[in-house]
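*Asks:* The structure's right below; bear with me while I get my questions together.
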Amino acid sequence: MFRLSKAAEYAIRGVLHLSLKAEGETCGIDEIAKAQDVPPAYLAKLFQSLAKKGFVKSFRGVEGGFILEKKPKDISLLDIIEAMEGHIYLNDCLIRDGYCPRDETCPVHDVWHEAQRRFVDYLKGCTFEDMAKASKIKVRRIKEKLSA
């Protein structure tokens, strides 16, 4: 079963939180961790990794915190998953040609290949800008229900 690690899940939540902020607005790790229900020390470690890979930038000091290094429209869900997990493979036979001795004869290989292509393309098309917009709509709907 394909399953994201906690690291990838938490990194996605953290990047989404930063995507909801105004461009250039720093956000402290404690604020992000609390809002996203993620352990702060673990999130800080994940953000260090994301900073090395060019997705977030950190600032020290009283006004310190994190910002996105790229615009949310330029970061896909696939980008963050692969930053944390490496390349996605739905089955071992897709790791590389010849990895599975049945590559050329197995009809299921073709199914896995197409499923992976579609899955990766879909994740590539899911930008943090789009997810931030969807998040704002969902929050607004919840507030409307509560006030009704």
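*Asks:* Conditions: (1) without any contact (Cβ under 8 Å) to a residue 24 or more places away in the chain; (2) closer than 26 Å to Lys124 by Cβ; (3) part of a helix (DSSP H, G or I). Lys57 meets all but one. Number of the miss?
*Replies:* The one condition Lys57 does not meet is (3).
*Asks:* I'd like the full set of residues that are surrounded by 12 or more Cβ atoms within 10 Å (Cβ to Cβ) and touching an Asp or Glu at 6+ places or on another chain (Cβ under 8 Å), limited to region 76-98.
*Replies:* Listed by number, the residues that qualify are Ile88, Cys93.
*Asks:* Anything in region 97-127 that is free of Cβ contacts under 8 Å to residues at least 12 places away in the same chain and under 30 Å from Asp74 (Cβ atoms)? List them, or say none.
*Replies:* Glu114, Arg117, Arg118, Asp121, Tyr122, listed by residue number.
*Asks:* Of all residues in region 1-22, which are touching a strand residue (DSSP E or B) at 6+ places or on another chain (Cβ under 8 Å) and not small (Gly, Ala, Ser)?
*Replies:* Hits for region 1-22 are Val15, His17, Leu18, Lys21.
*Asks:* Exactly one condition in (1) under 16 Å from the mean Cα position of the chain (by Cα); (2) farther than 30 Å from Ala115 by Cβ; (3) of a type outside the set (S, T, N, Q) is not met by Arg3; state its number.
*Replies:* Against the list (1) under 16 Å from the mean Cα position of the chain (by Cα); (2) farther than 30 Å from Ala115 by Cβ; (3) of a type outside the set (S, T, N, Q), Arg3 comes up short only on (2).
*Asks:* Suppose the filter is within 24 Å of Val120 (Cβ to Cβ) and over 13 Å from the mean Cα position of the chain (by Cα); does Glu69 pass it?
*Replies:* Considered against the rule, which asks whether it is within 24 Å of Val120 (Cβ to Cβ) and over 13 Å from the mean Cα position of the chain (by Cα), Glu69 comes out as yes.
*Asks:* Still on this structure, I have one more. Go through region 32-56 and give me each residue that's at pLDDT 95 or above and of a type in the set (D, E, K, R).
*Replies:* Matches in region 32-56: Lys34, Lys45, Lys52, Lys53.
*Asks:* Still on this structure, please answer the following. Going by the conditions given, is Asp110 part of a helix (DSSP H, G or I), at pLDDT below 95 and either surrounded by 12 or more Cβ atoms within 10 Å (Cβ to Cβ) or among the hydrophobic types (A, V, I, L, M, F, W, C) (or both)?
*Replies:* In short, no.
*Asks:* Also: Go through region 1-54 and give me each residue that's within 20 Å of Asp74 (Cβ to Cβ), among the hydrophobic types (A, V, I, L, M, F, W, C), part of a loop (DSSP other than H, G, I, E, B) and in contact (Cβ under 8 Å) with a residue 24 or more places away in the chain.
*Replies:* Of everything in region 1-54, just one residue is within 20 Å of Asp74 (Cβ to Cβ), among the hydrophobic types (A, V, I, L, M, F, W, C), part of a loop (DSSP other than H, G, I, E, B) and in contact (Cβ under 8 Å) with a residue 24 or more places away in the chain, namely Leu20.
The values are calculated or read from the model by the stated rules, or taken from the named source; none is laboratory data. Predicted, not measured: the structure shown is a model, and the values here were computed from it. Note that we place each Cβ from the backbone using ideal geometry, even for glycine, and neighbour counts take in every protein chain shown.
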